[in-house]
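Asker: Submitted below is the structure of interest, expressed as structure tokens.
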Amino acid sequence: MRYQEANILRRARWRAPFVAALLSVTTGVAALQPRAERAAAPGAVQAAVPSGSKIWVGRYDAFEEFLRTAEIERTENVSTGVLGIRRAFFKADGMAASAALRSTRPGKYNGFWESYKGDIAAYKLDRLLQLDMVPPTVERRYDAELVSVQLWTDTRMLKDVQAQDLHPTDLEAYNFQIRRQKVFQNLVGNLDPNQGNILFDSVWNVVLIDFSRAFTSTSKLPFPPTAIDRAFLDRIKALDRETVSREIAEFVQPTAVNALLGRRDDIVKAFDKLAKQKGAGQVILP
């Protein structure tokens with residue numbers, strides 16, 4: 001899927017079908033097959049799936065270096081009004097054909113704090129948490145200005161797969177990813193998770209883009225807690241100020257690290273409370 005298609009609704013307000021779909025976590029989305037044609041569930045959940053669009057898994061350094069240094073032959077404007085986004089095309093026969101280039105200078109736009117650096121910080125935190133949902137994203141200079149460059153992925157957006165009544169081939173693996181992405185959105189304080197920036201590839205991998213409005217001082221958690229796997233929750237609990245600061249401080253506002261750790265504490269408390277209400281086995285999953 002082209003990046004502009006993935007972002008067509010990024011500035012829109014949340015819509016009820018989108019919220020309901022993510023809160024239920026069982027709504028099918030991107031096997032790219034109609035319900036009648038979907039295959040039987042293949043088996044165990046995989047925490048990281050280096051297939052489909054996720055060609056960067058296990059090759060992070062190589063992709064980061066490529067995005068940072070590869071020659072950009074041309075760019076195309078994104079025609080859907082997405083703030084500061086162009087599609088950058090590399091010379092043929094490289095590690096990737098294109099990337100999303102964001103040039104949004106840090107500042108307030110239409111009442112929201114926006115920055116190209118949010119995408120970089122999201123990737124850094126994704127790597128720290130071993131999430132493998134945010135494509136490799138680096139900072140580089142292009143046309144004499146600093147920008148973010150993010151690997152372009154072959155994916156489709158939530159709106160499209162819902163409209164086509166597409167459903168996952170492995171509901172357990174799908175739910176596993178949806179639970180994780182909701183907690184990640186809460187952790188970074190993303191004020192703009194919508195139908196255009198939660199993406200799915202042909203084998204149901206979840207891909208997350210557009211964090212230009214994240215990493216502010218907000219204490220708001222976009223999604224209420226439902227359940228989470230213990231391994232991911234433990235990694236979130238283990239985050240410490242020194243490590244987080246080392247990874248993202250240069251890309252976020254001065255208050256952002258404290259705010260992130262505050263949201264982390266709220267997330268942990270919320271799951272603890274829910275576990276007491278529903279039983280730990282229903283909330284903290286293997």
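Asker: Around Leu285, which amide H atoms from residues at least 5 apart in sequence, or from another chain, sit under 5 Å from its own amide H, with H modelled in the peptide plane?
Answerer: So Leu285 has HN proximity to Ile228, Asp229, Arg230.
Asker: Counting only other residues whose beta carbon sits under 11 Å from that of Tyr123, what net charge do I get with K and R as +1, D and E as -1? Mind dumping the intermediate values first?
Answerer: Numbers: positive: Lys117, Lys124, Arg127; negative: Glu64, Asp119, Asp126, Asp132, Glu139, Glu247.
Once positives and negatives cancel, what remains is -3.
Asker: Something else: Count the net charge of all other residues whose Cβ sits under 9 Å from the Cβ of Phe232, scoring Lys and Arg as +1 and Asp and Glu as -1. Don't jump to the answer; show the numbers that get you there.
Answerer: On the way: positive: Arg179, Arg180, Arg230, Arg235; negative: Asp229, Asp234.
Neighbour charge sum, excluding Phe232 itself: +2.
Asker: What spacing in nm lies between the two simple spin-label points modelled at Lys273 and Arg68, each 7 Å away from Cα in the Cβ direction?
Answerer: Taking the two extended label points, one gets 4.2 nm.
Asker: Highest mean first, how do 205-218, 155-168, 97-110 rank when packing is the count of other Cβ atoms within 10 Å averaged over residues?
Answerer: Working: 205-218: 25.0, 155-168: 20.1, 97-110: 17.5.
Order by mean packing, descending: 205-218, 155-168, 97-110.
Asker: If you rank Ser219, Ser202, Ser115, Ser53 by fewest surrounding Cβ atoms within 10 Å, what's the result? Before the final figure, lay out the partial values.
Answerer: Details: Ser219 10, Ser202 15, Ser115 25, Ser53 20.
By the 10 Å Cβ count, ascending: Ser219, Ser202, Ser53, Ser115.
Asker: In debye, nearest 20, what is the charge dipole magnitude of region 80-213 about its Cα centre with +1 on Lys and Arg Cβ and -1 on Asp and Glu Cβ, if you could check? Please list the in-between numbers first.
Answerer: Details: 17 positive and 16 negative charges, 107 e Å.
Rounded to the nearest 20 debye, it is 520 debye.
Asker: Could I ask something else about it? Starting at the first residue of region 194-207, write each ³J(HN,Hα) from the Karplus equation 6.51 cos²θ - 1.76 cosθ + 1.60 with θ = phi - 60°, in whole Hz, x for Gly and Pro.
Answerer: Along region 194-207, the couplings run 8, 5, x, 10, 10, 10, 9, 9, 5, 10, 6, 5, 8, 10 Hz.
Asker: For the pair Ser202 and Arg127, what calculated FRET efficiency results from E = 1/(1 + (r/R0)^6), where r is the Cβ-Cβ distance and R0 = 25 Å, to the nearest 0.05?
Answerer: On the way: r = 24 Å, r/R0 = 0.95.
Calculated transfer efficiency: 0.60.
Asker: HN-Hα J couplings of region 275-286 from phi, Karplus 6.51/-1.76/1.60, θ = phi - 60°, integer Hz, Gly and Pro as x?
Answerer: 5, 5, 6, 9, x, 4, x, 8, 10, 9, 9, x
Asker: How would Ile236, Ile85 line up from fewest to most surrounding beta-carbon atoms within 10 angstrom? Spell out each step's value before the answer.
Answerer: Numbers: Ile236 20, Ile85 26.
Arranged by neighbour count, lowest to highest, Ile236, Ile85 become Ile236, Ile85.
Asker: Then there's this: Could you work out how much longer the chain between Asp154 and Asp240 gets when fully extended? Use 0.36 nm per residue separation minus the Cα distance between them, nm to one decimal.
Answerer: Numbers: separation 86, 0.36 × 86 = 30.96 nm, distance 3.41 nm.
Once the chain is fully extended between Asp154 and Asp240, it gains 27.6 nm.
Asker: May I pose another question? Only Cα pairs under 8 Å and at least 6 apart count here; give the relative contact order of region 67-123 as a rounded whole percent. The partial results should precede the final answer.
Answerer: Working: 76 pairs, mean separation 13.2, N = 57.
Worked out over region 67-123, it gives 23 percent.
Read-outs: derived from the displayed coordinates by stated rules, not from any lab. On a predicted model such as this, the values are computed, not experimentally measured, just so you know. Backbone-built Cβ (ideal geometry, glycine too); neighbour counts: all protein chains shown.
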